[in-house]
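Undergrad: Got a structure here, written out as structure tokens. Questions coming.
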Amino acid sequence: MDPSIILSAIVLLSAVAVVALRNPIHSALNLVVAMLGLAGIYAMLGAHFLAAVQVILYAGAVVVLILFVLMLLNLKVEQASPRDLVIQGLAVVSGVSFLAVAIPSVAQRFGSFPSARDVFVAARGPEVEGTVKNIGALLYDEYLLPFEVASVLIMAALVGAVLLGKRRRDTAK
Amino acid sequence: MMTLGHYLTVATALFTIGAVGVLVRRNAIVMFMCIELMLNAVNLAFVALSKTVGNLDGQIVVFFVMVVAAAEAAVGLAIIISVFRARRSVDTSRTRELRL
């Protein structure tokens, strides 16, 4: 069996577990599994740099941050109330019905594209691999401005997070 | 043989699972995790299409989506912590001040 199928099944099952489990710590741990499965899929698609960044950044920073916040807040397990069941049932039904329509059309439309480069006339030339060297060459050459803007964005997020996290000592609480 | 349709199907299913999760869950942090699932579904679609087209533009977009998601994680969790400090709960059904 193709490893992509196994990885895809792992990703989808753990995603359902993220949504369905009551304990938020269990949801976070299943999110880690989903991120790692996606990293494996990226590696199989030739995106080596992105697979590494997925592990380092998503599984290694974002979910760890989420787990820190969960352990800091020390929340109780979410209790279900009957008022929510209607909304939850409606959401699940609409999601399932959307998938029942979308998945056959997507699979049928794109299913016969093992390598559909001939469809896209703006292809750059021979197929390039997603190695660090190739991504770096593109990132510092053609996408230099978004790269610098992204660094400014990270700086703004850093300042914002620190500012929001500061305990206010001047107001009387 | 894995076709593009397979990866796009997984991305669609993952996005829908994340969207249903945002609607179903009340805990703000779990809602944030479902938003991360949706972002990852979009990343998967971009990477699969990048492999199909043959160049790396899709992977550059994924790189920037990851950067934005990390920045959003930092700020969003700081907001959640601030809300928790104010009212001792992250239950979104209890924060009703902005509702009509």
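The values are calculated or read from the model by the stated rules, or taken from the named source; none is laboratory data. This is a predicted model, so every value here is computed, not measured. When the accessible area is computed, the model is the full protein with side chains, heavy atoms only, and any ligands, DNA or RNA have been set aside. Shrake-Rupley method; radii C 1.70, N 1.55, O 1.52, S 1.80 Å.
Undergrad: What list of ³J(HN,Hα) values in whole Hz, one per residue of region A:48-59 in order, does the Karplus curve 6.51 cos²θ - 1.76 cosθ + 1.60 (θ = phi - 60°) give from phi, with Gly and Pro shown as x?
TA: 3J(HN,Hα) across region A:48-59, in whole Hz: 5, 4, 5, 5, 5, 5, 4, 5, 5, 7, 6, 5.
Undergrad: Using modelled amide H (1.01 Å from N, peptide plane; none on Pro or chain starts), what sits under 5 Å from the amide H of residue B:55, excluding residues fewer than 5 places away?
TA: Here A:124 satisfy the definition.
Undergrad: At 1.4 Å probe size, with the rest of the protein present, what percent of the exposed accessible area of chain B is carbon and sulfur atoms?
TA: On the way: 2580 of 3720 Å².
Using a 1.4 Å probe with all protein chains present, chain B comes out at 69 percent carbon and sulfur.
Undergrad: Once phi is turned into ³J(HN,Hα) by the Karplus curve 6.51 cos²θ - 1.76 cosθ + 1.60 with θ = phi - 60°, what whole-Hz value does each residue of region A:17-31 show in order, with x for glycine and proline?
TA: With the stated coefficients, region A:17-31 comes to 5, 4, 6, 8, 6, 7, 7, x, 5, 4, 4, 5, 5, 5, 5 Hz.
Undergrad: Sticking with this structure for a sec: What shape does chain B have by the C-alpha gyration tensor, where a ≥ b ≥ c are the square roots of the eigenvalues, rounded means a/c under 1.5, and otherwise prolate means a/b greater than b/c and oblate the rest?
TA: In terms of gyration-tensor shape, prolate.
Undergrad: Now for a separate question. Could you provide, to the nearest whole Å², the per residue accessible area of the protein assembly as shown with probe 1.4 Å?
TA: On the way: 14330 Å² over 273 residues.
Accessible area per residue: 52 Å².
Undergrad: Is the protein assembly as shown rounded, prolate or oblate when judged by the Cα gyration tensor, a ≥ b ≥ c being the square roots of its eigenvalues, rounded requiring a/c under 1.5 and prolate requiring a/b larger than b/c?
TA: oblate
Undergrad: Residue B:85 accessible area, nearest 10 Å², 1.4 Å probe?
TA: We get 90 Å² for residue B:85.
Undergrad: What accessible area, summed over both chains, is buried at the B-A interface (1.4 Å probe, Å², nearest 100)? Don't skip to the end; give the middle numbers.
TA: Numbers: alone 7180 and 13910 Å², together 14330 Å².
Result for this pair: about 6800 Å² buried.
Undergrad: List, in order, the whole-Hz ³J(HN,Hα) value for each residue of region B:22-32 obtained from phi through the Karplus relation with A = 6.51, B = -1.76, C = 1.60 and θ = phi - 60°; use x for Gly and Pro.
TA: Taking θ as phi minus 60°, the curve returns 5, 6, 7, 7, 9, 5, 5, 6, 5, 4, 5 Hz for region B:22-32.
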